[in-house]
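Asks: Please find one structure pasted underneath; my questions will follow.
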Amino acid sequence: LAPDEFRDAVALRYGRTPVNLPKVCDADGEVFDVNHALNCPRGGLVYGRHNECRDLNCDLLKLAGLSQVVSEPIIQESDANGENGLRADWGV
């Protein structure tokens, strides 16, 4: 971790608020606190955590010797409206 990330992780671990948090969320303009930072669907942290876990699992599968690991395979194509598509996190 970078020094700032480490400091913030330790603060969160011990129930404290990380320093230098912005006052307002860049994505949606709401008040920015720890709860909003961890749950804002437009800010990118939710997707970032998900993608980090997905990538870690794919890397571990490759380290285990599996050679056909696919990240986000499409299970079902979207319809004409761009809805009802289905894709998995990874496939082996």
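Asks: Out of the residues in the range 72-91 that are in a loop (DSSP other than H, G, I, E, B) and open to solvent by less than 70 Å² (accessible area, probe 1.4 Å), which is farthest from Leu12 (Cα to Cα)? Step through it out loud before you land on a result.
Replies: Initial filter on the range 72-91 (in a loop (DSSP other than H, G, I, E, B)): 72-73, 77-85, 88-89.
Filter once more, so that each one left must be open to solvent by less than 70 Å² (accessible area, probe 1.4 Å): 72-73, 78-79, 82, 85, 88-89.
On the way: Glu72: 31, Pro73: 34, Ser78: 39, Asp79: 42, Gly82: 39, Gly85: 36, Ala88: 31, Asp89: 28 Å.
My answer is Asp79.
Asks: What residue, of Gly43, Gly15, is over 29 Å from Asp89 (Cβ atoms) and either in contact with a Pro (Cβ under 7 Å, 6 or more places away or on another chain) or not basic (Lys, Arg) (or both)?
Replies: Working: Gly43 fails: over 29 Å from Asp89 (Cβ atoms).
Testing whether each residue is over 29 Å from Asp89 (Cβ atoms) and either in contact with a Pro (Cβ under 7 Å, 6 or more places away or on another chain) or not basic (Lys, Arg) (or both) leaves just Gly15.
Asks: Please specify each residue of the range 6-61 satisfying the condition of being in contact with a helix residue (DSSP H, G or I) (Cβ under 7 Å, 6 or more places away or on another chain) and among the charged types (D, E, K, R).
Replies: Glu30
Asks: For the range 21-71, name all the residues that are assigned to a strand (DSSP E or B), of a type in the set (A, V, I, L, M, F, W, C) and in contact with a strand residue (DSSP E or B) (Cβ under 6 Å, 6 or more places away or on another chain).
Replies: Our first condition is that a residue be assigned to a strand (DSSP E or B); within the range 21-71, this holds for 24, 31, 70-71.
Checking the rest, the ones that are also of a type in the set (A, V, I, L, M, F, W, C) come to 24, 31, 70.
Across the range 21-71, the qualifying residue is only Val70.
Asks: Moving to a separate point now. Residue check: is Val46 surrounded by 11 or more Cβ atoms within 10 Å (Cβ to Cβ) and over 24 Å from Glu5 (Cβ atoms)? Reasoning before the result, please.
Replies: Values: surrounded by 11 or more Cβ atoms within 10 Å (Cβ to Cβ): yes; over 24 Å from Glu5 (Cβ atoms): no.
Taking the combined requirement at face value, the residue does not satisfy it.
Asks: What residue, among those in the range 1-36 that are farther than 30 Å from Val70 by Cα and under 16 Å from the mean Cα position of the chain (by Cα), is surrounded by the most Cβ atoms within 10 Å (Cβ to Cβ)?
Replies: Residues of the range 1-36 farther than 30 Å from Val70 by Cα: 3-4, 6-36.
Adding the requirement that they be under 16 Å from the mean Cα position of the chain (by Cα) leaves 9, 27, 34-36.
Values: Ala9: 12, Ala27: 14, Val34: 15, Asn35: 9, His36: 17.
Checking each candidate, the answer is His36.
Asks: Now for a separate question. Do we have Val10 as among the hydrophobic types (A, V, I, L, M, F, W, C) and modelled with pLDDT under 90 here? Let's see the steps before the verdict.
Replies: Working: among the hydrophobic types (A, V, I, L, M, F, W, C): yes; modelled with pLDDT under 90: no.
No.
Asks: Determine the pairs where a residue that is in a helix (DSSP H, G or I), located within the range 1-20, has a partner that is at pLDDT 90 or above with Cβ atoms under 6 Å apart, the partner being 6 or more residues away or on another chain.
Replies: From the range 1-20, the pairs are Asp8/Pro18; Ala11/Pro18.
The values are calculated or read from the model by the stated rules, or taken from the named source; none is laboratory data. A quick note: this is a predicted structure, and the numbers were derived from the prediction, not measured. Note that we place each Cβ from the backbone using ideal geometry, even for glycine, and neighbour counts take in every protein chain shown. What goes into the accessible areas is simple: the full protein's heavy atoms, side chains included, and nothing from ligands, DNA or RNA. Shrake-Rupley method; radii C 1.70, N 1.55, O 1.52, S 1.80 Å.
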